[in-house]
Amino acid sequence: FTILIASQLLNLVVISFGGEHYIQDFLRSFDNEIKVFLIVMLVLFILGFVLDFLEIIYIVVPIVGPVIYGGSFDPKWVTIMIAVNLQTSFLTPPFGFALFYLRGVAPAEVTTGHIYRGVVPFVLIQVMGLLLLFFFPSVVTILPDLMAN
């Protein structure tokens, strides 16, 4: 709960000083919304190395959300892309939270280097899945669209 309260306080400070407007204006200065989306996804991926998902969801997404959700992209697709992107970043060294959880339950003969090398195929599979979702958004949106009818 401390993280949630502190993230909300930080968000209020950023909003009260107009920080979110600077970031949103910077993102809106690009001529292509796909470029903006890719920049946001890259920033979220890098933040996933060092921050937990709660901090990212409660601090970063409210700031960049109006820009990426306000465009022509389907909000369901954007949300799933963010979720898969964060899950992929949680598996990547050097900090990868999921890797440290695995390190805690692995036997002593399994080194951290083994875990880092062993995760590479999984990260590549998730990156390919992310690319699949990027180039074929209907994979994400077909079921919710059918449920609406």
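The values are calculated or read from the model by the stated rules, or taken from the named source; none is laboratory data. The model shown is predicted, which means the values in this text are computed figures rather than measured ones. Heads up, the Cβs are rebuilt from the backbone with ideal geometry, glycines too, and the neighbour counts pull from every protein chain shown.
Of all residues in the stretch 26-44, those satisfying the criterion of being buried (at least 17 other Cβ atoms within 10 Å of the Cβ) and either among the polar types (S, T, N, Q) or within 13 Å of the chain's Cα centre (by Cα) (or both) are 37, 40, 41, 44. Can you name the residue in the stretch 80-103 that is buried (at least 16 other Cβ atoms within 10 Å of the Cβ) and either touching an Asp or Glu at 6+ places or on another chain (Cβ under 6 Å) or among the polar types (S, T, N, Q) (or both) and is also nearest to residue 115 (Cα to Cα) among such residues? Checking each candidate, the answer is 92. Applying a threshold of 7 Å to beta carbon distances and a minimum spacing of six or more residues, or different chains, the list of pairs starting in the stretch 25-48 at a residue that is within 20 Å of residue 75 (Cβ to Cβ) and ending at one that is exposed (fewer than 12 other Cβ atoms within 10 Å of the Cβ) and among the hydroxyl-bearing types (Ser, Thr, Tyr) reads 33/72. Of the residues making up the stretch 1-20, just one is closer than 17 Å to residue 66 by Cβ, free of Cβ contacts under 8 Å to residues at least 24 places away in the same chain and among the β-branched types (Val, Ile, Thr), namely 15.
Going residue by residue through the stretch 31-39, is there one that turns out to be of a type in the set (A, V, I, L, M) and either touching a strand residue (DSSP E or B) at 6+ places or on another chain (Cβ under 8 Å) or within 25 Å of residue 121 (Cα to Cα) (or both)? So far as the stretch 31-39 goes, yes, one or more of its residues are of a type in the set (A, V, I, L, M) and either touching a strand residue (DSSP E or B) at 6+ places or on another chain (Cβ under 8 Å) or within 25 Å of residue 121 (Cα to Cα) (or both). Checked against (1) more than 17 Å from the chain's Cα centre (by Cα); (2) exposed (fewer than 12 other Cβ atoms within 10 Å of the Cβ); (3) not aliphatic (A, V, I, L, M), residue 118 passes all but condition (2). Within the set 121, 62, the sole residue that is closer than 30 Å to residue 13 by Cβ and of a type outside the set (Ser, Thr, Tyr) turns out to be 62. Listed by position, the helices (runs of 4 or more DSSP H) contained in the stretch 1-94 that have at least 2 residues being at pLDDT 85 or above are 33-50, 61-69, 75-89.
Every test in (1) at pLDDT below 90; (2) assigned to a helix (DSSP H, G or I) is passed by residue 132 save one, and that test is (1). Pairs meeting the criteria (first residue in the stretch 118-132 and closer than 20 Å to residue 100 by Cα, second residue in a helix (DSSP H, G or I), beta carbons under 7 Å, at least 6 apart or on different chains) are 119/99; 123/88; 126/84; 126/87; 126/88.
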